[in-house]
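Take a look at the structure set out below.
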Amino acid sequence: MATAKRPIRWHVGVFLAPAVLVYTAIMILPLFGTLQLSLFKAVNGVQTFVGLDNFRTLFGDPNWSTGFWNALRNNIWFFVIHMLVQNPIGVLLAALLSSPKLRFSAFYRTAIFVPTILSFVIVGFAWKLILSPLWGVAPNLLDLVGLKFLFSPWLGKEGSALIALSLISVWQFVGIPMMLIYAALLSIPDEVIEAAECDGVTGMAQFWKIKLPLILPAIGIISILTFVGNFNAFDLIYTAQGALAGPNFSTDILGTFLYRAFFGFQLQVGDPNMGATIATMMFLIILAGVCIYLFLIQTRLRRYQF
Amino acid sequence: MSKATSSPVRSIAAHGALILYTIIALFPVVIVVINSFKSRQAIFREPLMPPTASTFDLVGYATVWNQGDFALYFQNSLIVTVASLFFVLLFGAMAAFALSEYRFRGNALMGLYLALGIMIPIRLGTVAILQLMVAGGLVNTLTALVLVYTAQGLPLAIFILSEFMKSVSDDLKNAGRIDGLSEYTIFFRLVLPLVRPAMATVAVFTMIPIWNDLWFPLILAPSEATKTVTLGAQLFLGQYVTNWNAVLAALSLAILPVLILYIAFSRQLIRGITSGAVK
């Protein structure tokens, strides 16, 4: 063996090959394949290159564009409700859990995380039953606290269905921000807290001035995870409201819109190319969100090294 | 410790808030499970009560047992989850080892390439994945699901495992090399046993989304023989929507295995999250 040249290390290739092959073949290539399909159209059963025609249809043809903008608007709402409700509750629970000498904290942690491990099918149906006016669990409970007049079949009303579903989704996923922020709070060294206490910064002031700035990177990660998850959501809406995302498309989000375009529904025939076009739009939206996070938010968040 | 953080009033308030949220988190699960054991009238008359001797009824479970082929669905889910998990852990650990152990040209680039999949969901490629599976004759096979879930699980597994593998001592590996062990033996005999806790964390993270997924079973394997529990439950619930006993029993049956698994592994999962495995 020549000393000047290192031998080819075959084992590196052997270690990498299976993962890279599966990942490339099943994930990366289909992703680009889908992007490519959005530029084609089936003409007499033959895939023909049509440039940006599908996008023109999506934005120009009222049959498609109304549905798309409606789904996008609903999806943004879905995300905003998550950010406004899920993250504050998550931060609050994490702050309570991390208070020193709290007993049973392992029990609370385990219990609050339970909904997160359940499938959307269970969550969607269980809440559908609970909120159903037929069964009466929700009205009975509201009656206990004297608020029965507030009850209405939320999931069946155009005005409230999306909000109800967003809150169900928040209920399911609040465990994730809670855990990640809890971990971030635990990693704050005791010296920092003790120094704050020596300076007389305690209680709420301590939380706002010392801890919150230190857990901002964790909140940033949660926000981007929520963003990707929300703009890719499908299962909960499909389970609770069906592929038509009723009532009257008021809970339609990009995932259900994509599903209907791809597989067809009622009288409309499924169209893989339009499906790919919508998937491409979702890809661009998620990519934009991830880029904003990586280049604008993450670089500005200060990370403290202890 | 300052007085402010340990005063009994604050601690009671903290417990109060946590108990309240725990009830909110568990209530839907509890209400579904207790009502699944009750007769139809009792379900509607007093939904908040646990079953008593006079209202106890297993009719819902009987319907589920007779109508849905849940044993088969369960078996399918188990096969898909275990097989995907095996490949994610094996391939993921191998790639993570290559990335963290050897310096080679394009190492960082390869790491970045494999990490892409953490942020970009595999669902966006569904249209082309379906075409690929049709071309490969894999539609309505469990193999299709195993392939997709393996690809889906790999990026996060590689990312987490390579962080952990960097912490395995170099001296140990070099001692092995001096003793004439091959790189494969070093990986399987020395490194893998040491990163077992990290593997457990990755296993839990990988398993939950696979078991719960509805999208890919619905699109790639909706046939009767290949339905997973999640898809089977979805269709069963849609079909029996007016049979409350059956619906509640099916939901309970879907909840229990996951819940038992979760309680068994919750320490692993929570330790994984809080040890900063997810950065």
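Within the listed set A:THR251, A:THR34, A:THR202, the Gaussian network model of chain A (springs between alpha-carbon atoms below 10 Å) gives the highest mean-square fluctuation for A:THR202. Inter-chain Cβ neighbour count for B:203-216, averaged per residue, equals 3 (cutoff 10 Å, partner chain atoms only). For B:LYS227, B:LYS173, A:LYS101, the sequence from fewest to most other C-beta atoms within 10 Å is A:LYS101, B:LYS173, B:LYS227. Largest first, the three principal axis extents of the alpha carbons in the protein assembly as shown are 86, 78, 49 Å in whole numbers.
Stokes-Einstein D for chain B at 4 °C, 1.567 mPa s, Kirkwood Rh over Cα pairs, in µm²/s? Don't jump to the answer; show the numbers that get you there.
Numbers: Rh = 22.2 Å.
This corresponds to a translational diffusion coefficient of 58 µm²/s.
Pop the C-beta distance of A:LYS209 and B:ALA225 into the FRET formula with R0 = 41 Å and round what comes out to the nearest 0.05. It comes to 0.10. Semi-axis lengths, largest first, of the ellipsoid equivalent to segment A:53-297 are 38, 25, 14 Å, with √(5λ) applied to each eigenvalue of the Cα gyration tensor.
Suppose R0 equals 35 Å. What FRET efficiency, 1/(1 + (r/R0)^6) with r the Cβ-Cβ distance, do A:SER65 and A:LEU29 give to the nearest 0.05? Before the final figure, lay out the partial values.
Numbers: r = 30 Å, r/R0 = 0.86.
So the FRET efficiency works out to roughly 0.70.
Take the alpha carbon gyration tensor of segment A:106-223, find the square roots of its eigenvalues, order them as a ≥ b ≥ c, and report rounded if a/c is under 1.5; if not, report prolate when a/b exceeds b/c, else oblate. Prolate, because a/c is 1.5 or more and a/b exceeds b/c. With respect to chain B, whose longest principal axis is taken over its alpha-carbon atoms, helix B:126-135 is tilted by about 80°.
Given a cut-off of under 8 Å on Cα pairs at least six residues apart, what relative contact order in percent is computed for chain B? Intermediate values should be presented prior to the final figure.
On the way: 245 pairs, mean separation 80.4, N = 279.
Computed over chain B, the figure is 29 percent.
Each label was represented as a point 7 Å from its Cα along the Cα-to-Cβ direction; for B:ILE263 and B:VAL59 these points are 2.9 nm apart. Build a GNM of chain A with springs between Cα atoms under 10 Å: which of A:ALA161, A:ALA276, A:ALA195 gets the top mean-square fluctuation? Taking springs between Cα atoms under 10 Å, the residue moving most is A:ALA195. Axis of helix B:196-212 versus longest Cα principal axis of chain B: the two differ by about 40°, to the nearest ten degrees. Label zone (B:ALA17, point 7 Å along Cα-to-C-beta; backbone nitrogen cut-off 19 Å) within segment A:109-145: A:109-113. Checked against a 29 Å cut-off, the cross-linked pairs A:LYS101/A:LYS128; A:LYS128/B:LYS227; A:LYS101/A:LYS211; A:LYS41/A:LYS157; A:LYS101/A:LYS209; A:LYS128/B:LYS38 give Cα-Cα distances beyond that limit for A:LYS101/A:LYS128; A:LYS41/A:LYS157. Relative to the dominant Cα principal axis of chain B, helix B:244-274 is inclined by about 30°.
Taking the Kirkwood radius as Rh and the Cα radius of gyration as Rg, segment B:3-57 has a ratio of Rg/Rh equal to 1.30.
Under a Cβ-only charge scheme (Lys and Arg +1, Asp and Glu -1), can you give me the dipole magnitude of segment A:53-297 about the Cα centre, in debye to the nearest 20?
Numbers: 11 positive and 12 negative charges, 80 e Å.
My answer is approximately 380 debye.
The mean count of C-beta atoms from other chains within 10 Å of the C-beta of residues in B:87-99, rounded to a whole number, is 4. When its C-alpha radius of gyration is set against 2.2 N^0.38 Å (N residues), segment A:114-169 gives a value of 1.17. Sorted on the mean count of surrounding Cβ atoms within 10 Å across their residues, most packed first, peptides A:58-67, B:15-24 read B:15-24, A:58-67.
Which value at 222 nm does chain B reach when only helices count, each DSSP H run of 4 or more adding -39,500 (n - 2.57), with the total divided by all residues and rounded to the nearest 500 deg cm²/dmol? Can you show the working numbers first?
Working: 13 runs with 201 residues, N = 279.
Result for chain B: -23500 deg cm²/dmol, rounded to the nearest 500.
Over the C-alpha trace of segment B:103-211, radius of gyration and Dmax come out as 17.4, 51 angstrom. Treating r as the C-beta distance of A:ASP143 and B:ALA135 and R0 as 60 Å, the FRET efficiency rounds to 0.55.
For A:SER160 and A:GLU197 in one chain, what is 0.36 nm times their gap in residues minus the Cα-Cα distance, to one decimal in nm? Show your work: numbers first, answer last.
Numbers: separation 37, 0.36 × 37 = 13.32 nm, distance 4.57 nm.
Working it through step by step, the gained length comes to 8.7 nm.
Given points 7 Å out from each Cα along the Cα-Cβ axis, report the A:VAL14 to B:GLN41 separation in nanometres with one decimal. It works out to 7.2 nm between the two label points.
Its alpha carbons considered, segment B:178-279 gives a radius of gyration followed by a Dmax of 19.7, 70 Å.
Just so you know, all these numbers are worked out from the coordinates, no wet-lab data involved. Note that the structure is a prediction, hence the values are computed from the model and not measured. Glycine gets a Cβ as well: all are built from the backbone with ideal geometry, and neighbour counts include every protein chain shown.
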